[in-house]
Amino acid sequence: MSEPIQPPADLLDRLVSLGKQRGFFFQSSEIYGGINALYDFGPLGTRIRRNIRSRWWRSIVELRDDVEGIESSIIMNPQVWVASGHVAGFSDPLVDCTGSCRKRWREDHLAAERIARGKHPDAPGCPECGGPLTGARQFNLMFRTFLGPVEDSSAQVYLRPETAQGMFVDFRSVLTSSRQRIPFGIAQNGKSFRNEISPGNSIFRMREFEMMELEFFCKPGTDEEWYDHWRSARFSWYTEELGIRRERLRLRDHDHEELSHYAKAATDVEYLFPFGWGELEGIANRTDFDLSAHQKASGADLSYLDPVTGERYVPYVIEPSVGVDRIMLIVLLDAYDEEMVRGEKRVVLRMHPDVAPVQVAVLPLSKKEELCVRARDLEHRLRPHFATEYDETQSIGRRYRRQDEIGTPLAVTVDFESLQDDAVTIRERDGMTQVRVPISGLEEALRDQLALFRQRTAARACGAAPAGP
Ligand code: GAP
(Lines give C-alpha, C1' and ligand atoms only; values in the text may rest on other atoms or scores of the structure.)
Protein backbone atom coordinates (compact mmCIF):
# COMPACT_ATOMS: atom_id res chain seq x y z
CA MET A 1 0.00 0.00 0.00
CA SER A 2 1.28 3.51 -0.77
CA GLU A 3 2.14 5.88 2.09
CA PRO A 4 -0.92 7.81 3.31
CA ILE A 5 -0.81 11.54 2.77
CA GLN A 6 -0.86 13.50 6.01
CA PRO A 7 -3.68 16.06 6.09
CA PRO A 8 -2.37 19.66 5.85
CA ALA A 9 -1.14 21.15 9.14
CA ASP A 10 -3.71 23.97 9.09
CA LEU A 11 -6.69 21.61 8.65
CA LEU A 12 -7.27 21.53 12.40
CA ASP A 13 -7.50 25.34 12.50
CA ARG A 14 -9.94 25.37 9.60
CA LEU A 15 -12.05 22.74 11.33
CA VAL A 16 -11.98 24.56 14.67
CA SER A 17 -13.22 27.70 12.96
CA LEU A 18 -15.95 25.79 11.09
CA GLY A 19 -16.82 24.02 14.36
CA LYS A 20 -17.35 27.33 16.11
CA GLN A 21 -19.24 28.92 13.24
CA ARG A 22 -21.61 25.98 12.82
CA GLY A 23 -21.92 25.06 16.47
CA PHE A 24 -20.06 21.76 16.56
CA PHE A 25 -17.81 22.67 19.48
CA PHE A 26 -16.30 25.74 21.12
CA GLN A 27 -14.52 26.76 24.30
CA SER A 28 -16.42 26.32 27.54
CA SER A 29 -17.39 29.51 29.42
CA GLU A 30 -16.50 31.51 26.32
CA ILE A 31 -18.17 34.73 27.49
CA TYR A 32 -15.67 34.76 30.38
CA GLY A 33 -12.70 34.20 28.10
CA GLY A 34 -12.97 30.41 28.13
CA ILE A 35 -11.15 27.91 30.32
CA ASN A 36 -8.20 25.85 29.20
CA ALA A 37 -8.90 22.40 27.70
CA LEU A 38 -12.61 22.41 28.44
CA TYR A 39 -15.14 22.48 25.60
CA ASP A 40 -18.88 22.73 25.02
CA PHE A 41 -20.72 21.05 22.17
CA GLY A 42 -23.40 22.98 20.30
CA PRO A 43 -26.61 21.63 18.77
CA LEU A 44 -24.98 20.00 15.73
CA GLY A 45 -21.98 18.70 17.68
CA THR A 46 -24.35 17.17 20.19
CA ARG A 47 -26.18 15.36 17.41
CA ILE A 48 -22.91 13.97 16.01
CA ARG A 49 -21.84 12.77 19.47
CA ARG A 50 -25.17 11.06 20.08
CA ASN A 51 -24.78 9.26 16.75
CA ILE A 52 -21.23 8.16 17.60
CA ARG A 53 -22.27 6.93 21.03
CA SER A 54 -25.26 5.03 19.74
CA ARG A 55 -23.26 3.33 16.98
CA TRP A 56 -20.68 2.24 19.54
CA TRP A 57 -23.35 1.06 22.00
CA ARG A 58 -25.19 -0.83 19.29
CA SER A 59 -22.12 -2.70 18.11
CA ILE A 60 -20.64 -3.34 21.58
CA VAL A 61 -23.80 -4.01 23.63
CA GLU A 62 -27.03 -4.28 21.66
CA LEU A 63 -25.90 -6.58 18.86
CA ARG A 64 -24.12 -8.97 21.24
CA ASP A 65 -25.42 -11.52 23.74
CA ASP A 66 -22.29 -11.43 25.82
CA VAL A 67 -22.00 -7.75 26.86
CA GLU A 68 -24.03 -5.87 29.49
CA GLY A 69 -24.17 -2.09 29.78
CA ILE A 70 -23.97 -0.20 33.08
CA GLU A 71 -23.67 3.37 34.37
CA SER A 72 -21.46 3.73 37.43
CA SER A 73 -20.93 6.92 39.45
CA ILE A 74 -18.23 9.43 38.63
CA ILE A 75 -17.16 9.80 42.28
CA MET A 76 -16.35 6.45 43.87
CA ASN A 77 -14.99 5.29 47.20
CA PRO A 78 -11.41 6.65 47.17
CA GLN A 79 -10.09 3.20 48.08
CA VAL A 80 -10.95 2.19 44.50
CA TRP A 81 -8.20 4.48 43.22
CA VAL A 82 -5.70 3.29 45.78
CA ALA A 83 -6.28 -0.35 44.82
CA SER A 84 -6.23 0.38 41.07
CA GLY A 85 -2.82 2.03 41.37
CA HIS A 86 -4.04 5.48 40.30
CA VAL A 87 -3.24 7.24 43.60
CA ALA A 88 0.34 6.01 43.51
CA GLY A 89 1.01 5.94 39.81
CA PHE A 90 -1.43 7.87 37.60
CA SER A 91 1.02 10.67 37.00
CA ASP A 92 3.03 12.34 34.29
CA PRO A 93 6.52 13.87 34.60
CA LEU A 94 6.18 17.65 34.96
CA VAL A 95 8.93 20.20 34.26
CA ASP A 96 8.73 23.98 34.75
CA CYS A 97 10.30 26.70 32.68
CA THR A 98 12.20 29.11 34.91
CA GLY A 99 12.89 31.46 31.99
CA SER A 100 10.64 34.20 30.66
CA CYS A 101 7.48 32.22 29.75
CA ARG A 102 7.19 30.15 33.01
CA LYS A 103 5.23 27.47 31.17
CA ARG A 104 4.81 23.92 32.47
CA TRP A 105 5.47 20.91 30.25
CA ARG A 106 5.18 17.16 30.22
CA GLU A 107 8.77 16.00 30.05
CA ASP A 108 7.90 13.20 27.61
CA HIS A 109 6.21 15.75 25.30
CA LEU A 110 9.13 18.19 25.13
CA ALA A 111 10.49 16.91 21.81
CA ALA A 112 7.06 17.05 20.13
CA GLU A 113 6.42 20.55 21.52
CA ARG A 114 9.76 21.73 20.10
CA ILE A 115 8.97 20.23 16.68
CA ALA A 116 5.52 21.90 16.75
CA ARG A 117 7.36 25.23 17.19
CA GLY A 118 9.76 24.56 14.33
CA LYS A 119 12.71 23.71 16.60
CA HIS A 120 15.02 20.73 16.75
CA PRO A 121 13.57 18.01 19.04
CA ASP A 122 16.77 17.98 21.12
CA ALA A 123 17.11 21.76 21.34
CA PRO A 124 18.00 22.71 24.92
CA GLY A 125 15.56 24.33 27.33
CA CYS A 126 11.96 25.38 27.15
CA PRO A 127 10.19 24.69 23.82
CA GLU A 128 8.54 28.13 23.96
CA CYS A 129 11.22 30.58 25.13
CA GLY A 130 14.38 28.43 25.31
CA GLY A 131 14.74 29.24 29.05
CA PRO A 132 16.07 26.74 31.61
CA LEU A 133 13.85 23.87 32.75
CA THR A 134 13.59 22.35 36.24
CA GLY A 135 14.07 18.63 36.77
CA ALA A 136 10.99 16.43 36.35
CA ARG A 137 8.62 15.69 39.23
CA GLN A 138 5.65 13.34 39.12
CA PHE A 139 2.28 15.09 38.89
CA ASN A 140 -0.87 13.06 39.65
CA LEU A 141 -3.55 13.71 37.02
CA MET A 142 -6.59 12.99 39.18
CA PHE A 143 -8.83 15.89 40.15
CA ARG A 144 -9.53 15.99 43.87
CA THR A 145 -12.56 17.29 45.73
CA PHE A 146 -14.36 16.70 49.03
CA LEU A 147 -17.46 14.68 49.74
CA GLY A 148 -19.74 16.39 52.26
CA PRO A 149 -19.28 19.65 54.15
CA VAL A 150 -15.93 18.97 55.87
CA GLU A 151 -12.88 19.64 53.75
CA ASP A 152 -10.32 17.38 55.41
CA SER A 153 -8.28 14.46 54.15
CA SER A 154 -10.85 11.90 55.33
CA ALA A 155 -13.44 13.46 52.99
CA GLN A 156 -11.16 13.64 49.96
CA VAL A 157 -12.48 11.95 46.82
CA TYR A 158 -11.51 11.90 43.14
CA LEU A 159 -13.27 12.56 39.86
CA ARG A 160 -12.76 9.34 37.91
CA PRO A 161 -9.95 9.46 35.34
CA GLU A 162 -11.43 6.45 33.50
CA THR A 163 -14.80 4.65 33.56
CA ALA A 164 -13.11 1.23 33.69
CA GLN A 165 -12.87 0.92 37.48
CA GLY A 166 -16.66 1.19 37.82
CA MET A 167 -16.95 -1.98 35.78
CA PHE A 168 -14.34 -3.86 37.81
CA VAL A 169 -15.89 -3.03 41.17
CA ASP A 170 -19.39 -3.87 39.83
CA PHE A 171 -18.18 -7.17 38.32
CA ARG A 172 -19.78 -9.40 40.96
CA SER A 173 -23.18 -7.68 40.99
CA VAL A 174 -23.41 -7.65 37.19
CA LEU A 175 -22.36 -11.30 37.02
CA THR A 176 -25.05 -12.43 39.46
CA SER A 177 -27.85 -10.10 38.33
CA SER A 178 -27.39 -10.69 34.61
CA ARG A 179 -26.75 -14.44 34.81
CA GLN A 180 -23.92 -14.08 32.31
CA ARG A 181 -21.12 -16.61 32.19
CA ILE A 182 -17.48 -16.09 31.30
CA PRO A 183 -16.64 -14.99 28.65
CA PHE A 184 -18.71 -11.82 28.87
CA GLY A 185 -18.19 -8.08 28.99
CA ILE A 186 -19.39 -4.97 30.80
CA ALA A 187 -19.51 -1.70 28.89
CA GLN A 188 -20.16 1.88 29.80
CA ASN A 189 -19.93 5.36 28.46
CA GLY A 190 -19.47 8.53 30.46
CA LYS A 191 -17.40 11.52 31.48
CA SER A 192 -13.86 11.20 32.81
CA PHE A 193 -11.49 13.85 34.13
CA ARG A 194 -7.73 14.26 33.94
CA ASN A 195 -5.77 17.28 34.99
CA GLU A 196 -3.56 16.99 31.89
CA ILE A 197 -0.27 18.92 32.05
CA SER A 198 -0.21 19.69 28.36
CA PRO A 199 -3.68 19.42 26.87
CA GLY A 200 -4.10 20.62 23.33
CA ASN A 201 -4.88 20.14 19.68
CA SER A 202 -8.43 21.30 20.32
CA ILE A 203 -10.64 18.44 21.53
CA PHE A 204 -7.86 15.84 21.10
CA ARG A 205 -6.60 16.16 24.67
CA MET A 206 -8.92 17.77 27.19
CA ARG A 207 -9.31 17.86 30.95
CA GLU A 208 -12.94 16.73 30.91
CA PHE A 209 -13.78 14.20 28.21
CA GLU A 210 -16.08 11.33 27.49
CA MET A 211 -15.06 7.68 27.34
CA MET A 212 -16.60 4.55 25.87
CA GLU A 213 -15.03 1.47 27.45
CA LEU A 214 -15.57 -2.27 27.39
CA GLU A 215 -14.11 -4.66 29.96
CA PHE A 216 -14.33 -8.12 28.48
CA PHE A 217 -13.80 -10.88 31.09
CA CYS A 218 -12.39 -14.20 29.92
CA LYS A 219 -10.70 -17.31 31.18
CA PRO A 220 -6.91 -17.02 31.59
CA GLY A 221 -5.36 -18.84 28.65
CA THR A 222 -8.09 -17.62 26.26
CA ASP A 223 -7.04 -13.97 26.75
CA GLU A 224 -4.71 -13.80 23.74
CA GLU A 225 -7.44 -15.06 21.45
CA TRP A 226 -9.89 -12.47 22.78
CA TYR A 227 -7.23 -9.77 22.55
CA ASP A 228 -6.79 -10.58 18.85
CA HIS A 229 -10.55 -10.59 18.38
CA TRP A 230 -11.06 -7.13 19.88
CA ARG A 231 -7.95 -5.74 18.22
CA SER A 232 -9.29 -6.50 14.76
CA ALA A 233 -12.99 -5.88 15.58
CA ARG A 234 -12.27 -2.40 16.85
CA PHE A 235 -10.03 -1.52 13.92
CA SER A 236 -12.64 -2.45 11.32
CA TRP A 237 -15.42 -0.65 13.26
CA TYR A 238 -13.96 2.68 12.15
CA THR A 239 -14.10 1.93 8.44
CA GLU A 240 -17.32 -0.07 8.48
CA GLU A 241 -19.44 1.90 10.94
CA LEU A 242 -18.05 5.40 10.60
CA GLY A 243 -16.68 5.38 7.06
CA ILE A 244 -13.21 6.54 8.19
CA ARG A 245 -10.55 6.16 5.49
CA ARG A 246 -8.57 3.00 6.08
CA GLU A 247 -5.35 4.58 4.82
CA ARG A 248 -5.46 7.08 7.70
CA LEU A 249 -5.80 4.35 10.33
CA ARG A 250 -3.22 1.94 11.68
CA LEU A 251 -2.67 -0.40 14.60
CA ARG A 252 0.47 0.20 16.65
CA ASP A 253 1.51 -2.37 19.24
CA HIS A 254 3.14 -1.06 22.40
CA ASP A 255 6.64 -2.26 23.09
CA HIS A 256 7.54 -3.53 26.54
CA GLU A 257 8.73 -0.18 27.95
CA GLU A 258 5.55 1.57 26.88
CA LEU A 259 3.12 -0.92 28.47
CA SER A 260 1.03 0.34 31.42
CA HIS A 261 1.68 -1.29 34.79
CA TYR A 262 -1.48 -3.41 34.43
CA ALA A 263 -1.04 -4.60 30.83
CA LYS A 264 0.41 -7.75 29.31
CA ALA A 265 -0.11 -6.42 25.77
CA ALA A 266 -1.57 -3.26 24.29
CA THR A 267 -2.16 -1.76 20.91
CA ASP A 268 -3.39 1.65 19.79
CA VAL A 269 -5.69 2.31 16.89
CA GLU A 270 -4.00 5.41 15.53
CA TYR A 271 -5.27 8.06 13.12
CA LEU A 272 -3.17 10.26 10.87
CA PHE A 273 -4.03 13.69 12.32
CA PRO A 274 -2.78 16.95 10.77
CA PHE A 275 -0.15 16.89 13.55
CA GLY A 276 0.92 13.30 12.77
CA TRP A 277 -0.13 9.82 13.90
CA GLY A 278 -1.95 9.94 17.23
CA GLU A 279 -3.84 7.59 19.53
CA LEU A 280 -7.50 7.17 18.83
CA GLU A 281 -8.34 4.06 20.85
CA GLY A 282 -6.38 1.74 23.12
CA ILE A 283 -6.90 -2.02 23.34
CA ALA A 284 -5.21 -3.68 26.30
CA ASN A 285 -4.86 -7.10 27.83
CA ARG A 286 -5.19 -6.07 31.50
CA THR A 287 -4.79 -9.66 32.76
CA ASP A 288 -6.37 -10.22 36.22
CA PHE A 289 -4.60 -7.13 37.56
CA ASP A 290 -7.70 -5.09 38.41
CA LEU A 291 -9.98 -7.80 39.77
CA SER A 292 -7.14 -9.23 41.86
CA ALA A 293 -6.22 -5.80 43.19
CA HIS A 294 -9.83 -5.01 44.16
CA GLN A 295 -10.30 -8.47 45.62
CA LYS A 296 -7.26 -8.01 47.81
CA ALA A 297 -8.10 -4.45 48.87
CA SER A 298 -11.83 -4.88 49.48
CA GLY A 299 -11.91 -8.45 50.74
CA ALA A 300 -14.74 -9.24 48.30
CA ASP A 301 -14.52 -12.48 46.34
CA LEU A 302 -14.13 -11.49 42.69
CA SER A 303 -13.26 -14.94 41.41
CA TYR A 304 -15.44 -16.90 39.03
CA LEU A 305 -16.65 -20.46 39.50
CA ASP A 306 -17.14 -22.21 36.18
CA PRO A 307 -20.48 -24.02 36.58
CA VAL A 308 -19.51 -26.69 34.02
CA THR A 309 -15.92 -27.56 34.94
CA GLY A 310 -16.03 -26.53 38.60
CA GLU A 311 -12.84 -24.51 38.06
CA ARG A 312 -12.41 -21.29 40.04
CA TYR A 313 -10.27 -18.44 38.74
CA VAL A 314 -9.94 -14.65 38.62
CA PRO A 315 -10.88 -13.70 35.04
CA TYR A 316 -8.55 -11.90 32.68
CA VAL A 317 -9.74 -8.70 31.02
CA ILE A 318 -9.45 -7.35 27.48
CA GLU A 319 -10.24 -3.65 27.31
CA PRO A 320 -11.02 -1.56 24.23
CA SER A 321 -11.17 2.06 25.41
CA VAL A 322 -11.85 5.21 23.41
CA GLY A 323 -12.93 8.84 23.79
CA VAL A 324 -16.09 10.15 22.11
CA ASP A 325 -14.32 13.47 21.57
CA ARG A 326 -11.43 11.92 19.66
CA ILE A 327 -13.83 9.99 17.45
CA MET A 328 -15.76 13.19 16.81
CA LEU A 329 -12.53 14.91 15.84
CA ILE A 330 -11.52 12.23 13.32
CA VAL A 331 -15.06 12.04 11.91
CA LEU A 332 -14.85 15.76 11.13
CA LEU A 333 -11.22 15.72 9.95
CA ASP A 334 -11.79 12.74 7.71
CA ALA A 335 -14.92 14.26 6.17
CA TYR A 336 -13.58 17.78 5.62
CA ASP A 337 -13.13 18.71 1.96
CA GLU A 338 -12.82 21.91 -0.05
CA GLU A 339 -13.41 22.29 -3.79
CA MET A 340 -14.02 25.05 -6.31
CA VAL A 341 -17.54 25.18 -7.71
CA ARG A 342 -18.29 27.81 -10.36
CA GLY A 343 -15.38 29.93 -9.15
CA GLU A 344 -16.32 29.73 -5.46
CA LYS A 345 -14.85 27.65 -2.67
CA ARG A 346 -17.25 24.99 -1.42
CA VAL A 347 -16.57 23.43 2.00
CA VAL A 348 -18.20 20.05 2.31
CA LEU A 349 -18.16 17.46 5.08
CA ARG A 350 -18.40 14.09 3.34
CA MET A 351 -19.64 12.40 6.47
CA HIS A 352 -21.19 8.97 6.91
CA PRO A 353 -24.97 9.50 6.60
CA ASP A 354 -25.65 7.83 9.96
CA VAL A 355 -23.21 10.07 11.82
CA ALA A 356 -24.16 13.34 10.07
CA PRO A 357 -26.13 15.67 12.37
CA VAL A 358 -28.81 16.16 9.70
CA GLN A 359 -29.68 13.50 7.14
CA VAL A 360 -32.39 15.35 5.25
CA ALA A 361 -32.81 19.11 5.05
CA VAL A 362 -36.15 20.39 3.82
CA LEU A 363 -35.92 23.76 2.10
CA PRO A 364 -38.62 25.90 0.49
CA LEU A 365 -37.19 27.52 -2.64
CA SER A 366 -38.11 30.95 -1.32
CA LYS A 367 -39.83 32.49 1.69
CA LYS A 368 -43.23 32.55 -0.04
CA GLU A 369 -45.82 31.50 2.53
CA GLU A 370 -47.39 28.68 0.48
CA LEU A 371 -43.96 27.09 -0.12
CA CYS A 372 -42.99 27.37 3.55
CA VAL A 373 -46.26 25.80 4.70
CA ARG A 374 -45.80 22.88 2.32
CA ALA A 375 -42.14 22.40 3.20
CA ARG A 376 -42.77 22.60 6.94
CA ASP A 377 -45.52 20.02 6.64
CA LEU A 378 -43.21 17.74 4.65
CA GLU A 379 -40.42 18.08 7.21
CA HIS A 380 -42.83 17.12 10.02
CA ARG A 381 -43.85 14.03 8.08
CA LEU A 382 -40.22 12.99 7.50
CA ARG A 383 -39.08 13.73 11.07
CA PRO A 384 -39.97 10.33 12.59
CA HIS A 385 -37.92 8.55 9.91
CA PHE A 386 -34.79 10.70 9.40
CA ALA A 387 -32.73 13.30 11.26
CA THR A 388 -34.27 16.35 9.59
CA GLU A 389 -33.93 20.11 9.58
CA TYR A 390 -36.15 22.81 8.13
CA ASP A 391 -34.56 26.04 6.89
CA GLU A 392 -36.17 28.96 5.11
CA THR A 393 -33.56 31.67 5.74
CA GLN A 394 -31.27 33.18 3.03
CA SER A 395 -31.04 32.28 -0.66
CA ILE A 396 -31.36 28.64 -1.71
CA GLY A 397 -27.69 28.60 -2.83
CA ARG A 398 -26.46 29.72 0.59
CA ARG A 399 -28.69 27.22 2.32
CA TYR A 400 -27.24 24.40 0.18
CA ARG A 401 -23.73 25.58 1.12
CA ARG A 402 -24.61 25.56 4.81
CA GLN A 403 -25.97 22.02 4.53
CA ASP A 404 -22.76 20.97 2.71
CA GLU A 405 -20.71 22.47 5.54
CA ILE A 406 -22.56 20.49 8.20
CA GLY A 407 -22.42 17.28 6.15
CA THR A 408 -26.12 16.86 5.30
CA PRO A 409 -26.29 14.15 2.62
CA LEU A 410 -29.69 15.09 1.16
CA ALA A 411 -31.69 18.28 0.69
CA VAL A 412 -35.33 18.27 -0.41
CA THR A 413 -36.45 21.45 -2.15
CA VAL A 414 -40.06 22.52 -2.41
CA ASP A 415 -40.61 24.89 -5.35
CA PHE A 416 -43.57 26.47 -7.11
CA GLU A 417 -44.01 23.46 -9.38
CA SER A 418 -44.34 21.27 -6.29
CA LEU A 419 -47.66 22.99 -5.56
CA GLN A 420 -48.89 21.86 -9.00
CA ASP A 421 -47.28 18.46 -9.56
CA ASP A 422 -46.83 17.19 -5.96
CA ALA A 423 -43.17 16.49 -6.65
CA VAL A 424 -39.98 17.80 -5.05
CA THR A 425 -36.27 17.90 -5.88
CA ILE A 426 -33.72 15.85 -3.96
CA ARG A 427 -30.20 17.27 -4.12
CA GLU A 428 -27.33 15.13 -2.93
CA ARG A 429 -24.30 16.55 -1.15
CA ASP A 430 -21.29 14.94 -2.82
CA GLY A 431 -21.97 15.41 -6.54
CA MET A 432 -24.67 18.10 -6.12
CA THR A 433 -26.87 16.18 -8.57
CA GLN A 434 -30.62 16.65 -8.42
CA VAL A 435 -33.58 14.36 -9.10
CA ARG A 436 -37.27 15.09 -9.14
CA VAL A 437 -39.47 12.64 -7.21
CA PRO A 438 -43.19 12.50 -6.40
CA ILE A 439 -43.96 13.36 -2.77
CA SER A 440 -45.87 10.08 -2.50
CA GLY A 441 -42.59 8.19 -3.03
CA LEU A 442 -40.31 10.62 -1.22
CA GLU A 443 -39.66 8.58 1.90
CA GLU A 444 -38.63 5.56 -0.13
CA ALA A 445 -36.49 7.65 -2.48
CA LEU A 446 -34.66 9.18 0.50
CA ARG A 447 -34.05 5.75 2.01
CA ASP A 448 -32.62 4.53 -1.31
CA GLN A 449 -30.36 7.54 -1.61
CA LEU A 450 -29.10 7.17 1.95
CA ALA A 451 -28.35 3.51 1.21
CA LEU A 452 -26.27 4.65 -1.77
CA PHE A 453 -24.42 7.09 0.48
CA ARG A 454 -23.65 4.27 2.90
CA GLN A 455 -22.23 2.16 0.06
CA ARG A 456 -20.20 5.03 -1.30
CA THR A 457 -18.85 5.93 2.14
CA ALA A 458 -17.86 2.29 2.73
CA ALA A 459 -16.11 2.15 -0.66
CA ARG A 460 -14.22 5.36 0.09
CA ALA A 461 -13.25 4.06 3.54
CA CYS A 462 -11.62 1.01 1.95
CA GLY A 463 -9.85 3.11 -0.65
CA ALA A 464 -12.02 1.74 -3.45
CA ALA A 465 -13.44 5.11 -4.43
CA PRO A 466 -12.15 8.69 -4.54
CA ALA A 467 -13.18 11.18 -1.86
CA GLY A 468 -15.80 12.75 -4.08
CA PRO A 469 -18.96 11.25 -5.55
N1 GAP B 1 -9.06 2.55 30.76
C2 GAP B 1 -7.99 2.69 29.83
C3 GAP B 1 -7.62 4.08 29.59
O4 GAP B 1 -8.07 4.97 30.29
P5 GAP B 1 -6.21 5.63 28.01
O6 GAP B 1 -5.33 5.26 26.85
O7 GAP B 1 -5.62 6.47 29.07
O8 GAP B 1 -6.75 4.24 28.57
C9 GAP B 1 -8.35 5.68 26.52
O10 GAP B 1 -7.50 6.34 27.43
C11 GAP B 1 -8.86 6.63 25.46
O12 GAP B 1 -9.50 7.75 26.05
C13 GAP B 1 -7.79 7.24 24.56
O14 GAP B 1 -7.44 6.36 23.52
C15 GAP B 1 -8.50 8.48 24.03
O16 GAP B 1 -9.40 8.13 22.99
C17 GAP B 1 -9.31 8.91 25.24
N18 GAP B 1 -8.62 9.93 26.05
C19 GAP B 1 -7.69 9.72 27.01
N20 GAP B 1 -7.29 10.88 27.56
C21 GAP B 1 -7.99 11.86 26.93
C22 GAP B 1 -8.02 13.28 27.04
N23 GAP B 1 -7.27 13.94 27.95
N24 GAP B 1 -8.85 13.97 26.22
C25 GAP B 1 -9.62 13.33 25.31
N26 GAP B 1 -9.63 11.99 25.17
C27 GAP B 1 -8.83 11.25 25.96
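Within the span defined as region 181-204, one or more residues are part of a helix (DSSP H, G or I), surrounded by 19 or more Cβ atoms within 10 Å (Cβ to Cβ) and not polar (S, T, N, Q). Taken over region 165-180, the criterion of being part of a helix (DSSP H, G or I) and away from the ligand (no atom under 11 Å from the Cβ) is satisfied by 169, 171, 172, 173, 174, 175, 176, 177, 178.
Okay, residues lined up against (1) among the charged types (D, E, K, R); (2) without any contact (Cβ under 8 Å) to a residue 24 or more places away in the chain:
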{"site": "410", "(1), (2)": "no, no"}
{"site": "417", "(1), (2)": "yes, yes"}
{"site": "420", "(1), (2)": "no, yes"}
{"site": "423", "(1), (2)": "no, yes"}
{"site": "435", "(1), (2)": "no, yes"}
{"site": "439", "(1), (2)": "no, no"}
{"site": "444", "(1), (2)": "yes, yes"}
{"site": "448", "(1), (2)": "yes, yes"}
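Looking across region 205-217, the residues that are surrounded by 21 or more Cβ atoms within 10 Å (Cβ to Cβ) and more than 6 Å from the ligand (Cβ to nearest atom) come down to 210, 212, 214, 215, 216, 217. Among the residues of region 88-109, is any over 27 Å from the mean Cα position of the chain (by Cα), part of a helix (DSSP H, G or I) and closer than 30 Å to residue 132 by Cα? Yes, region 88-109 contains at least one residue that is over 27 Å from the mean Cα position of the chain (by Cα), part of a helix (DSSP H, G or I) and closer than 30 Å to residue 132 by Cα.
Considering 454, 398, the condition of being among the basic types (Lys, Arg), under 30 Å from residue 248 (Cα atoms) and surrounded by fewer than 23 Cβ atoms within 10 Å (Cβ to Cβ) is satisfied by 454 alone.
Where strands (runs of 3 or more DSSP E) fall entirely within region 241-317, those with at least 1 residues that are among the hydroxyl-bearing types (Ser, Thr, Tyr), surrounded by 14 or more Cβ atoms within 10 Å (Cβ to Cβ) and within 16 Å of the ligand (Cβ to nearest atom) are at 265-273, 276-287.
Close Cβ contacts (under 8 Å, 6 or more residues apart or on different chains) running from residues in region 155-173 that are closer than 16 Å to residue 85 by Cα to residues that are at pLDDT below 95 and of a type outside the set (Ser, Thr, Tyr) comprise 161/90. Looking across 357, 364, one residue alone is surrounded by 13 or more Cβ atoms within 10 Å (Cβ to Cβ) and touching a Cys at 6+ places or on another chain (Cβ under 9 Å). It is 364.
Beta carbons closer than 6 Å, at least 6 apart along the sequence or on distinct chains, pair a first residue in region 308-329 that is within 15 Å of residue 222 (Cβ to Cβ) with a second that is assigned to a helix (DSSP H, G or I) and among the aliphatic types (A, V, I, L, M) for 314/291.
The values are calculated or read from the model by the stated rules, or taken from the named source; none is laboratory data. Keep in mind that this is a model prediction, so the values were computed, not measured. Heads up, the Cβs are rebuilt from the backbone with ideal geometry, glycines too, and the neighbour counts pull from every protein chain shown.
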